[in-house]
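Every number in this text was worked out from the coordinates using simple rules, so none of it is lab data. These numbers come from a predicted model, not from an experiment. Backbone-built Cβ (ideal geometry, glycine too); neighbour counts: all protein chains shown.
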Ligand SMILES: NC(=O)c1ccc[n+]([C@@H]2O[C@H](COP(=O)([O-])OP(=O)(O)OC[C@H]3O[C@@H](n4cnc5c(N)ncnc54)[C@H](OP(=O)(O)O)[C@@H]3O)[C@@H](O)[C@H]2O)c1
């Protein structure tokens, strides 16, 4: 099968399209024929391992010190069709159309993947695809949708509360805006100029262009600040959050020490953690998609053969919402 081999850490062109062996499902696994996958900011961070040392060191110990493990394949999200199931699989059958994630095991930038029916905590999992989405649309939901849901639930968002989402125009943020609206919050979305119209169309009540305005100076106070992109300084934004308010930090790189310090010193809750998602979350998101309550924002799509160009584009930061990779099969 065709797959994106990720053998070294570095710039986009370390990725190579290779012919690798098609996997065979174990008794508890599904063999999925992938039609769409994605490239996220997280994939680019993993590919290059551009993390602070306290994160890159454990990552290297886990994935390989100087190069990634033999036959590593990048990519976390997928949508596709089940081609075969192991003998112990109960809830899926051949031909089911599914969407989901390989989680921290990666491997979805390929024609096929085997995933367990019942995933471990960091393994992601799959569910039946939303009936009203294409494979391309469905592939974008598992990562951004589940991560946004994870953090908004931690923030205990309530009807009428004011939430500010920083970095609202990307994969997590575009789902975050729509989910916060679904939970009946008043949403302020912060991102760059080109993404503001899109953010209004997906439901943001207010938008702030961070290239022109510093939201910490405008006198607004929020119940929750969800910093998706990790660029807000705690000390500067303290005045913008209620006394008993909550900071949610999806990207705590470089902010861990300050976050812990703020957590100790102030009445504000600071929540920073790695998001994990369940199959129930996928089913919850599917229901919202099918009811028309949330949709996906797709900026561009590239064929699997142009994975290097796709990574380069994601690294520009211009991506609005999601970037899809389409997977064509010779025998399709
Ligand atoms: N905690 C976890 O478990 C977890 C899981 C997955 C991912 N993450 C991390 O979460 C981060 C966001 O992921 P994502 O996939 O949503 O990224 P993304 O799709 O790249 O979106 C990030 C958005 O932030 C905007 N942005 C950049 N600088 C900004 C600033 N100074 N102020 C406000 N907005 C700014 C970007 O737009 P412009 O470039 O146009 O400004 C972009 O729209 C990544 O770093 C990822 O590693 C954390």
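What angle, in degrees between 0 and 90 and rounded to the nearest 10, separates the Cα long axis of helix 256-265 from the longest principal axis of the Cα atoms of the chain?
Taking the Cα atoms of the chain, the angle to 256-265 is about 40 degrees.
Give the peptides 52-59, 123-130 in descending order of average Cβ contacts within 10 Å, highest first.
With the highest mean Cβ count within 10 Å placed first, the list reads 123-130, 52-59.
Based only on other Cβ atoms within 10 Å, what is the fewest-to-most ordering of 324, 89, 141?
89, 324, 141
For residue 231 and residue 156, compute 0.36 nm times the residue count separating them, minus their Cα-Cα distance, and round to one decimal in nm.
24.8 nm
When a/c is below 1.5 the answer is rounded, else prolate if a/b is larger than b/c, else oblate, so apply that to segment 1-116 with a ≥ b ≥ c taken from the square roots of the Cα gyration tensor eigenvalues.
Cα axes put segment 1-116 in the prolate bin.
Roughly what angle does helix 279-290 make with the longest principal axis of the chain, taking Cα atoms, 0 to 90 degrees, to the nearest 10?
80
Working from Cα positions, state the angle (0 to 90°, nearest 10) between the long axis of helix 53-63 and the longest principal axis of the chain.
Taking Cα atoms only, the helix is inclined about 20 degrees.
What are the extents of the Cα atoms of the chain along their three principal axes, in Å, largest first?
Answer, in whole Å and largest first: 59, 45, 35 Å.
Which order do peptides 18-27, 289-298, 109-118 fall in by mean Cβ count within 10 Å, highest first?
My ranking of the peptides, most packed first, is 109-118, 289-298, 18-27.
Distance from the Cα centre of segment 267-332 to that of segment 178-239, in angstrom?
20
Taking the beta-carbon count within 10 Å as an exposure proxy, list 175, 92 from fewest neighbours to most.
92, 175
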